[in-house]
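Before any comments, here is the structure.
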Amino acid sequence: MIRLIATDLDGTIVDAKGRCSQVTVKAIERAKKMGIKYAICSGRPLPGVLALVDDWGLGPLADYIIGSNGGEVLETATGKKVESYTMEPDLIKEICDLYEPLGAVATLYGEGRTLYVDKITETGIAMAKRVVMDPVEADIRAMLTHPEIKEMMIVDPDNMANIEAFCQAHPDPRYIGFKTAKDLFEFNHPLLAKDVGVRILVTMMGITPDEVIAFGDTTNDVDMLKYVKYGIAMANGTQDAKDVAYAVTCSVDDDGFAHYLNEHLINGEIR
């Protein structure tokens, strides 16, 4: 019996234009009528999700919101929040010093839809538009005064392979780095991944991973897809997500999430 549905946002149920379809919303509503809980599981921090969740039509539906790649968990009904695995400011500054000469642009999330960036670039403007954020140029190093759950960097898509190769060639036990979109590369604590947030929910709900179905599209979803029994990857997703998936559904543009649930979720069971 499925007790929890967890979905990534961008590239999974939110398309490249920042839209979540009504087909998706209705599929979640149908599942909730079966008594199944719903959790958003995003790389975005909680304020970034909360600023947009009603625009997507998901506000009344989300029982839980997992933000920052598993680093924050919010129970929406009670406001209870759990945080885990942060990075110190000096470490983030080191990462900036290492990757900015390679063309990466450091960022920090602000309140609501504000995204602080070390400099405004065409790639950054396009990325911010896609994720419905407002870019504001700022001195990121000066703003780093307390621990952060992650550091997100904007990368020109043509330069992404170089950034990935550099990260693989220069591992550091204090953090991990990974691509989360065609123009985004992120860093967080080596023990932090989306499965951490889902594990917290499994414990809170008193259920098992066999009672969870999760949907994702890229590298930062892999651990979540591996952890649950039913990890579903999107056709538009990266190969590493597809390789660990229980199944692959059609693309976000074809409402792959809703298509899979409507076809396979029968009376609370995956068939």
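For the pair region 200-271 / region 21-80, the C-alpha centres are spaced 15 Å from each other. The mean sequence separation of alpha-carbon pairs under 8 Å and at least six residues apart, normalised by the residue count of region 89-188, gives a relative contact order of 27 percent. Peptide packing for 187-193, 160-166 was compared via the average number of neighbouring C-beta atoms within 10 Å per residue; ordered from the highest value, the list is 187-193, 160-166.
Which order do the peptides 175-181, 56-62, 66-72, 142-148 take when ranked by the mean count of other beta-carbon atoms within 10 Å per residue, highest first?
The packing order, highest mean first, is 66-72, 175-181, 56-62, 142-148.
Charge dipole (Cα centre; +1 on Lys/Arg Cβ, -1 on Asp/Glu Cβ; no other charges) of region 89-188 amounts to roughly 280 debye. Only Lys, Arg, Asp and Glu carry charge here, each on its Cβ (+1 for the first two, -1 for the last two); on that basis the chain has a dipole of about 980 debye about its Cα centre.
Every Cα-Cα pair in region 160-207 was counted, and those over 13 Å apart are 63% of them. When the chain is described by a simple charge dipole with +1 on each Lys and Arg Cβ and -1 on each Asp and Glu Cβ, the residue from 67, 98, 208 located farthest towards its positive end is 208. For the chain, the antiparallel share of DSSP beta bridges with both residues in that region comes to about 55%.
Look at the Cα gyration tensor of region 140-244: its axes a ≥ b ≥ c give a/c of at least 1.5 with a/b at or below b/c, and that counts as oblate.
Of all the options 234, 153, 87, the one that moves most in a Gaussian network model of the chain with Cα springs shorter than 10 angstrom is 87.
Quotient of the Cα radius of gyration of the chain and 2.2 N^0.38 Å, N being its number of residues: 0.96.
If you run the Gaussian network model on the chain, springs between alpha carbon atoms under 10 Å, then out of 127, 34, 204 the most flexible one is 204.
Only lysine pairs 8 or more places apart, or on different chains, with alpha-carbon atoms under 16 angstrom apart are counted in region 89-188, and they number 5.
Please give the direction-averaged projected area of the C-alpha convex hull for region 47-179, in square nanometres with one decimal.
Working: hull surface 34.0 nm².
Mean shadow area of the hull around the Cα atoms is 8.5 nm².
All of the numbers you see were taken from the coordinates with simple rules; none came from a lab. These figures come from a predicted structure and were not determined experimentally. Neighbour counts run over all protein chains shown; Cβ positions are idealised from the backbone, glycine included.
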